[in-house]
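The block underneath contains the structure these notes are about, expressed in structure tokens.
We did not get these values from a lab; they are worked out from the coordinates using the rules stated. A quick note: this is a predicted structure, and the numbers were derived from the prediction, not measured. Because the Cβ atoms are built from the backbone with ideal geometry, glycine has one as well, and the counts that use them run over all protein chains shown.
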Amino acid sequence: MEYLFSLEFLYLIASITYILGLKMLGHPETAKRGNLIAAAGMTLAILGTLFLYQGTVSPLIYSLIAIAIIIGTIIGWMIAKKVPMTKMPELVSLFNGMGGASAALIGLIEFEHYSGQTLSVLTILGGVIIGSISFSGSMIAWGKLNGTIKKPLRLPRYNILNNLILIGLLLFAIIMVWSNTESQVYLYVLFFGALAYGILFVLPIGGADMPVVISLLNSFTGLAAALGGFLYGNMVMLTGGILVGSAGTILTFAMCKAMNRSLFNVIFGGFGETDLNASEGESAKITGNIKKATVSDVAILMNYS
């Protein structure tokens, strides 16, 4: 009977609701119910963590958590109720960015607490890099989708520049782990470098490629959350992160296949290779003959094809 009210059992139930909810999202008729089931599992996991945690927590911390939950719930509810369905990709990008920011903040806070623990520090730095890239990249994607950023911005040799920054971030993180540094300055250099890479990664991408970008960044956020689960030994966080990361990766592969691109090409500079003149507002030259067609004409042609 005691096990039924244990935190591990609640985490198991919550993990099952995530899997069930994700499966139900695959069909329009069950998507809403699946979303509610997964949300109920997340609520159960949060309440279980708050009330069944075995350690000592001051009342101030509980008060701050309660205030944060109330504020977040109100803001999220108001935004979700007001946003039209045509703006849903923007909302997904915005919420995904918040998840990446949370993962990065976990790393910034926990870095000093795991000094000297190589595997934990490596996990933290991975979460900082991936979460920061997901956050800044998602914010740029959100700006592109809502029209704030109206056209792609490409620096000279931007593909080479982006790849060099990414390699530099990885090498810098390895050096931090190898040298067993405790410097917060180095940590914030890594943090801001990852933010810069996320911005430069998404800025050159045209609007038509945004769904692929958002899906890829969503998988990044899931991976960052999973790293947080490894760090804390939190199974529900690990399960949720793996589900989000794997689902986002599968969706990214599917989109890349539909657009006839490889994932390697996507990550290392295959995005947004469109005509620069067209992106600057110049009309593309139309060749051939133009023939008007009705809906019925198009339907007949599609039937023949």
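Key figures
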quantity	calculated
Ratio Rg/Rh, restricted to the chain and using Cα atoms, in which Rh is the Kirkwood radius	1.03
The range 1-82 pair-distance distribution - Cα-Cα, 10 Å bins, rounded %	17, 34, 35, 13, 1
Unit charges on C-beta of K, R, D, E only; dipole of the chain, Debye	1020
Helix runs (DSSP H) in the chain reaching 30 Å along axis by Cα, Kyte-Doolittle at least 1.0	59-82, 88-110, 118-145, 158-179, 210-232, 235-258
Theoretical ellipticity at 222 nm over the chain - DSSP helices of four or more residues, -39500 (n - 2.57) apiece, nearest 500	-25000 deg cm²/dmol
q = 0.26 Å⁻¹: log10 I(q)/I(0) that the Debye formula gives for the range 178-239, counting C-alpha atoms only	-1.04
Peptides 92-99, 294-301 ordered by average Cβ neighbours within 10 Å, highest first	92-99, 294-301
Amide H partners (placed H, <5 Å) of ASN234, local residues excluded	none
Burial order of peptide ranges 78-84, 192-198, 219-225 (average beta-carbon count within 10 Å, highest first)	219-225, 192-198, 78-84
